[in-house]
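**Q** My questions will all concern the structure given below.
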Amino acid sequence: MLDPSFQPISFEPGIYERWEENGDFKAKSEANKKSFLITMPPPNVTGALHMGHALFVSIQDTYARWKRMLGYNTLWLPGTDHAGIATQVMVERQVESEGSSRVKLGREAFLKRVWDWKKEYGGTITEQIRALGSSCDWSRELFTLDTKSSLAVRESFTRLYHDGLIYRGERIVNWSSGLQTAISDLEVELKPVQGALYYLKYKLADNSGDQILVATTRPETIFADVAVAVNPEDPRFKGFHGKEVIVPLSGQRVPIILDSYVDREFGTGALKITPGHDANDWQIGQRHKLKTISCIGKDGKLNELAGEFAGLFASKARKTVAEKLVALELMDREEKHNHEVGFCQRTGVVVEPLVSMQWFMRMEKLAAPALQAAQGDDPALRFYPDYWKKTYFEWLNNIQDWCISRQLWWGHQIPAWHCKACSKITVPKSSQDADPKSCVHCASSKIEQDSDVLDTWYSSALWPISTLGWPNKTSDLEIFYPQMKANMVRGGQEAKALMETGSDILFFWVARMVMMCTYFMDGRLPFEDVFLHAMVRDDKGQKMSKTKGNVVDPLEITEKHGSDALRLTLLALSGQGRNVNLDLKRLEGYKSFLNKLWNASRFAMMQLDEAKIVTAADPREHLQDLDFVDRCLLDSLDDTVRKVNEHLTQYRPDAAFQEIYQFSWYEFCDWYLELVKLKNGKLHTLSHALETIMRLLHPMAPMVTEKISSELPWGKQGIIIHAQYPLPHDKKLASAADQKKLAAIIMAVDGIRNFRTENKIAPKQQIVAFLETKESALWQEIKPLVMALAKISDVQLNAALPAGLSGKVSNELFTFTFPLEGLVDKEGERTRLRNELKKAKADLDFSQKRLHNPAFLERAKPDLVAMEKRNADLTQEKIKVLEEALLKLS
RNA sequence: GGGCAGUUAGCUCAGUUGGCAGAGCGCCACCCUUACAAGGUGGAUGUCGCAGGUUCGACCCCUGCACUGCCCACCA
C-alpha cells in the first residue's frame with residue numbers, strides 16, 4: 001500500500017538500485033529487433049552535476065524510456081570525458097599546493113597523478129547522473145581515454161594522416177600563454193575592450209622626409225613588422241607604391257605593399273603588416289611571400305628583437321613602447337578605440353596569435369558530406385528546433401582548418417614519430433600497427449613520439465563510433481549504428497539514433513561528429529535526429545554562476561522534492577526557445593501534480609480493492625460493462641495517448657507532458673474520480689486509466705510511476721520499465737449522445753456551483769431546485785450525479801415555479817430555479833444575474849457582428865457560420881431567461 | 001558588420017493547419033466534502049513589443065521598426 005504522504009526521498013534510491021541490479025537498462029545484443037541509440041554527451045570527469053546535466057538527463061532518459069517501452073532495443077550509452085585542459089589544470093593546482101609542479105614531476109609521474117585522481121573521484125558525476133533516474137546502460141560505459149577510445153583515435157588519426165587530411169605545419173594559431181598551449185578558434189572568446197589606436201610615423205627610406213601614418217592597436221608588435229600595406233586604389237598613396245619605409249624604433253626597412261584587404265576608410269588607410277602576431281597579417285604575408293618574424297614568445301613576453309623592451313609582457317610593453325614612441329616623436333597621436341579582443345575561454349587570459357608548429361585537420365573535404373546531409377527538402381539529418389540548421393550551415397560553409405594539437409600531457413598523445421636524423425615524420429599505417437621503432441624514411445632508430453596531445457574534442461568527435469567499438473567490427477556497431485547515409489533522403493524513416501545535447505556545442509561537437517563519423521563509416525551518419533536543448537538560466541534569465549550565487553544544485557532539489565519533480569520541471573520549461581529559466585515555483589507546482597497522482601492512485605487502489613479488481617486490461621474487451629462516463633473518459637484518454645506520442649515524435653516533450661498533466665488532473669481526478677464515487681459501475685475503466693497514466697508518464701517521471709505501479713494489484717517491481725507504451729486506438733467509444741450527457745452534467749454542475757458561490761450559499765447547504773427542460777429523459781439519467789455533485793436535495797421536474805424570491809441557472813439544456821426565500825437576500829442573486837447578463841450580451845454582440853457581416857457569411861467556413869447562428873439563438877434565449885428573472889427580483 | 005532566437009496575466013512559460021487568449025505560482029472569497037490543505041469550489045487579472053499590410057477574420061501569415069539575449073565575423 002502507498003504511504004499516505006508522498007515523500008520521494010523515501011523510495012527513490014531503492015528503486016534505482018533495483019533497476020540497475022536487474023539489468024533493466026541493458027541493451028540487447030540481438031540484431032533482429034528494431035533498435036534505438038542515444039549516445040550520452042560525456043560529462044567531464046572532473047565535473048559536478050549541474051542543471052545542464054539534469055536537463056539533458058531529463059530529455060534523454062525520457063526518449064530512452066519511451067523508445068524502450070515502444071519495443072525498441074534501446075541503448076543509451078553513457079561515458080565521461082577526460083577534458084584535457086580542465087583536468088590537467090586541476091591536478092596541476094593540486095600538485096602545486098604540495099610545493100611540487102607538473103614539470104618537476106615529469107610527464108609520466110604527473111600522468112599517474114591524474115589517473116589516480118580519476119580513479120578516486122571520476123565516479124562522482126556518474127553517481128549523480130544515476131540519482132536522476134537515468135536508464136543508461138552502465139555496462140557499456142566508456143571513458144574517452146579508455147583503450148576502446150584510444151584505439152578509435154589511433155585508427156582515425158593514422159587514416160586521416162595518410163589520406164592527407166591531417167597535416168603538420170607552421171601556422172599562426174591562438175596561443176594561450178596561461179595554458180601554454182595552442183587552442184582552436186572555437187576556444188577563443190571575443191570580448192569588447194576599450195583600447196587605444198596609436199598613429200605611428202613610418203618614415204620613407206628614401207630620405208625624402210615623407211612619412212606614412214599607420215594606425216595600430218598594438219605598437220608593441222612593431223618589432224615584427226615586415227611591411228606596410230595600402231589599398232592599391234587609394235589615391236593618397238599612389239606616390240608611395242614600390243617604396244620602402246623605416247619601422248619606428250626597430251629601424252627596419254620594410255616595403256610598402258598593395259593589398260585590397262586594406263580598408264581605406266579605417267585609420268589612416270595604411271596598415272602595418274605583422275604576420276607573426278596577427279592572423280590577417282599572416283594571410284597577407286602569405287599572399288605577398290613575406291617572411292614571418294616574432295617579437296613575442298610563447299611565454300607572452302617580448303624577445304630580443306624588442307631590444308630594450310625584451311622581457312616585458314606584451315600587455316605591459318604596449319604602454320612602455322608607446323611612451324618611447326612619443327618621446328622620440330614617432331607618434332602622431334593616440335585615440336580611444338573600442339575593439340574585440342580574443343580571450344582564452346578556459347583561463348580568461350588574452351589570446352596571443354603566434355606562429356608555431358602545430359597539427360591541423362583539413363576540414364573542407366570533411367564538411368561537404370556533413371552539409372549535404374542536412375540539405376534538401378527531405379534531408380537525412382534533421383535538427384530540432386529546425387532553426388539550428390541554418391547556424392550549422394553557416395559554420396560549415398566557412399569552416400577553417402582545425403588546430404588539433406595541444407601542448408598538454410593529459411590526453412591522447414599524437415601517434416606520430418619524429419626522426420632526429422632526417423626530421424621526417426613516421427605515422428603507423430593503422431591502429432593495428434605497433435609503435436614504430438624506426439623512421440620509415442631513413443630507417444634511423446632515433447625516433448621520438450610527438451609530445452603533443454590531441455584536442456579533447458578530437459576524441460569526442462569519434463564518440464558515437466568509439467563507444468560502439470569501432471574500428472573493430474562489433475555487434476554493437478552492427479546493431480545500433482544507423483544505415484542512413486549523408487547523401488540519402490530521409491523518406492519518412494524514423495531515427496535509429498538521436499543526438500541530444502546543448503546548443504552551445506553544435507560546432508564543438510555535433511558538427512565534428514557528423515564529419516568524422518560519416519567519413520569513417522562510408523558516409524553513414526552517426527545519428528539522423530539532432531535535438532538541441534536550451535541553456536538553463538535562473539528564474540530571471542541570468543546565467544547561473546558561482547560568483548552571482550544563483551546556482552541551483554540539482555541534487556539539493558532532488559533530495560528535497562524528488563528527481564521526478566525536477567525532471568518534469570525541466571521538461572516543461574524546455575520549449576522552443578534558447579533559454580530554460582528555472583523557476584522553483586514551477587517546480588513546486590509539478591511536485592504538487594505528483595502528489596495529486598499519488599493520492600488519486602491511493603484512492604483508486606482502495607476502490608479497486610473493494611471491487612476486487614486485479615487487472616488493468618483494456619475495457620474495450622468488455623464493452624457491456626461500460627457506461628457513458630467510462631466511454632467518454634476512455635476516448636479522452638485515447639486522445640491524450642495520441643497527442644503524447646505525437647509530441648514526443650516531434651521532440652516536444654514539454655507539450656507531451658502538458659497533455660498528461662491536463663488529462664490526469666482536470667479530467668481523471670476532477671471529474672472521473674468524483675463520478676466514480678457516485679456511480680455503481682464496474683471499475684475496469686478506472687484500473688485501465690490509472691495504469692495508462694502511469695505508463696504515459698513513466699519516461700518523464702520514472703521513479704514515482706514505478707513506485708505507484710508496483711503497488712497496484714496487478715503490478716510488481718520493475719515491470720513498468722518494460723511495459724508497452726500506450727498507443728492510440730482507431731475507434732472512438734462514446735456516441736454523440738454519450739458526449740452530450742457528460743457535457744450536460746458538467747454544464748449543470750458548474751452553473752450551480754457558481755450560483756452557490758455568488759449567493760454565498762455554504763457548500764454544505766443542501767438546496768432544492770425546480771427544473772424546466774425539454775430533455776427530461778436525459779435528465780433522468782444524469783439526475784443523481786448532478787444532484788450529488790451540486791448538493792441538491794430535491795428536484796421538481798417541470799413543475800409550477802415557487803412564489804417569492806428565487807434564483808435561476810440557465811444553460812442550453814436546463815433552466816434551474818432555486819427558491820431563495822429565507823436563504824439569502826436578493827441583492828446577491830441580482831448582482832450575479834447582472835454579471836451573467838452582461839457576459840451573455842457581450843457574447844450575443846460578438847455573434848451578431850459576425851452574422852451581420854455579409855463577407856463573413858459568404859467567405860467563412862459553413863460550419864463556423866452555422867455554429868455562430870446557433871450560438872446567437874442560444875444566447876438570445878438565455879438573455880430572455882435572465883432578464884425575466886431579474887425583473888422578478890426588482 | 002552579418003545571422004539566430006525571444007518579446008503573451010504581477011512572475012515563469014504554453015498557444016502546430018488563422019475562427020471570441022491558456023497553465024503553474026501569486027492574488028481574492030468560501031470550504032479540513034474520509035484520495036489529496038502539496039487539496040477542493042468559485043472568482044479577478046491581458047491595447048498578445050510597436051507600426052503597417054494580407055484576410056470575412058491575425059497572438060498566429062507578410063513587411064518595417066524597437067528592445068533583450070545568444071552566435072558568427074579579418075576593420076588594424
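The values are calculated or read from the model by the stated rules, or taken from the named source; none is laboratory data. Remember, it's a predicted structure, so these values are computed and weren't measured experimentally. With ideal geometry, Cβ positions are generated from the backbone for all residues, glycine too; neighbour counts draw on all protein chains shown. Accessible surface is based on the protein model in full, side chains and every heavy atom, while ligands, DNA and RNA are left aside. Shrake-Rupley method; radii C 1.70, N 1.55, O 1.52, S 1.80 Å.
**Q** Restricting to region A:528-559, and then to whatever is within 11 Å of RNA strand B (Cβ to nearest atom) and under 30 Å from A:GLY491 (Cα atoms), can you tell me which residue is modelled with the lowest pLDDT?
**A** A:ALA534
**Q** Residues being of a type in the set (Lys, Arg) and either more than 13 Å from RNA strand B (Cβ to nearest atom) or surrounded by 18 or more Cβ atoms within 10 Å (Cβ to Cβ) (or both): count how many of those fall in region A:275-292.
**A** Residues meeting the conditions: 2.
**Q** Restricting to region A:413-433, count the residues that are touching a residue at least 60 places away in the same chain (Cβ under 8 Å) and either exposed (fewer than 14 other Cβ atoms within 10 Å of the Cβ) or touching a Lys or Arg at 6+ places or on another chain (Cβ under 8 Å) (or both).
**A** 8
**Q** Count, please, the residues in region A:63-79 that happen to be of a type outside the set (A, V, I, L, M) and open to solvent by less than 10 Å² (accessible area, probe 1.4 Å).
**A** 7
**Q** Condition (residue is within 7 Å of RNA strand B (Cβ to nearest atom), closer than 30 Å to A:TRP388 by Cβ and not in a helix (DSSP H, G or I)) applied to region A:586-601: is it met by at least one residue?
**A** No, that holds for no residue.
**Q** Taking region A:228-274 on its own, how many of its residues are open to solvent by 50 Å² or more (accessible area, probe 1.4 Å) and not in a loop (DSSP other than H, G, I, E, B)?
**A** Residues flagged as open to solvent by 50 Å² or more (accessible area, probe 1.4 Å) and not in a loop (DSSP other than H, G, I, E, B) within region A:228-274 amount to 8.
**Q** Oh, and also: Go through (1) open to solvent by 10 Å² or more (accessible area, probe 1.4 Å); (2) assigned to a loop (DSSP other than H, G, I, E, B) one by one and return the number of the condition A:MET700 breaks.
**A** (1)
**Q** Going residue by residue through region A:659-673, is there one that turns out to be open to solvent by 10 Å² or more (accessible area, probe 1.4 Å), within 11 Å of RNA strand B (Cβ to nearest atom), under 28 Å from the mean Cα position of the chain (by Cα) and free of Cβ contacts under 8 Å to residues at least 24 places away in the same chain?
**A** So far as region A:659-673 goes, yes, one or more of its residues are open to solvent by 10 Å² or more (accessible area, probe 1.4 Å), within 11 Å of RNA strand B (Cβ to nearest atom), under 28 Å from the mean Cα position of the chain (by Cα) and free of Cβ contacts under 8 Å to residues at least 24 places away in the same chain.
**Q** For region A:824-836, indicate whether the set of residues that are open to solvent by less than 60 Å² (accessible area, probe 1.4 Å), out of contact with any His (no Cβ under 6 Å at 6 or more places or on another chain), more than 21 Å from A:ALA769 (Cα to Cα) and among the polar types (S, T, N, Q) is non-empty.
**A** Checked against the condition, which is being open to solvent by less than 60 Å² (accessible area, probe 1.4 Å), out of contact with any His (no Cβ under 6 Å at 6 or more places or on another chain), more than 21 Å from A:ALA769 (Cα to Cα) and among the polar types (S, T, N, Q), region A:824-836 yields no hits at all.
**Q** Oh, and also: Which count do you get for residues in region A:567-585 that are farther than 17 Å from A:ALA656 by Cβ, more than 6 Å from RNA strand B (Cβ to nearest atom) and assigned to a helix (DSSP H, G or I)?
**A** Looking only at that region, the number is 1.
**Q** Next up: Name the residue that is nearest to A:PRO41 (Cα to Cα), counting only residues in region A:106-139 that are basic (Lys, Arg) and surrounded by fewer than 14 Cβ atoms within 10 Å (Cβ to Cβ).
**A** A:LYS119
**Q** Quick check on region A:725-767: of everything there that is hydrophobic (A, V, I, L, M, F, W, C), surrounded by fewer than 20 Cβ atoms within 10 Å (Cβ to Cβ) and assigned to a loop (DSSP other than H, G, I, E, B), which residue is nearest to RNA strand B (Cβ to nearest atom)?
**A** Across region A:725-767, the extreme among qualifying residues is A:ALA762.
**Q** Can you tell me which residues in region A:568-614 are among the β-branched types (Val, Ile, Thr) and either touching a strand residue (DSSP E or B) at 6+ places or on another chain (Cβ under 8 Å) or surrounded by 15 or more Cβ atoms within 10 Å (Cβ to Cβ) (or both)?
**A** Within region A:568-614, A:THR569, A:VAL580, A:ILE613 qualify.
**Q** Something else about it: Show the residue pairs that are 6+ apart or on different chains and have beta-carbon atoms under 7 Å apart, the first residue being within region A:86-104 and touching a residue at least 60 places away in the same chain (Cβ under 8 Å), the second being open to solvent by less than 60 Å² (accessible area, probe 1.4 Å) and in a loop (DSSP other than H, G, I, E, B).
**A** Pairs that qualify, where the first residue is touching a residue at least 60 places away in the same chain (Cβ under 8 Å) and the partner is open to solvent by less than 60 Å² (accessible area, probe 1.4 Å) and in a loop (DSSP other than H, G, I, E, B), are A:ALA86/A:THR46; A:THR87/A:VAL45; A:THR87/A:THR46; A:THR87/A:TRP410; A:GLN88/A:LEU408; A:GLN88/A:TRP409; A:GLN88/A:TRP410.
**Q** Pick from A:ILE693, A:ILE720: which is surrounded by 22 or more Cβ atoms within 10 Å (Cβ to Cβ) and in contact (Cβ under 8 Å) with a residue 40 or more places away in the chain?
**A** A:ILE693
**Q** Kindly state which strands (runs of 3 or more DSSP E) lie completely within region A:177-223 and contain at least 1 residues that are within 30 Å of A:ASP504 (Cα to Cα), within 31 Å of the chain's Cα centre (by Cα) and of a type in the set (Val, Ile, Thr).
**A** A:181-183, A:188-204
**Q** Let me ask something else. Only one of these is hydrophobic (A, V, I, L, M, F, W, C), within 17 Å of A:VAL321 (Cβ to Cβ) and free of Cβ contacts under 8 Å to residues at least 60 places away in the same chain: A:VAL245, A:VAL214, A:VAL262, A:VAL230. Name it.
**A** After ruling out the rest, the residue left standing is A:VAL214.
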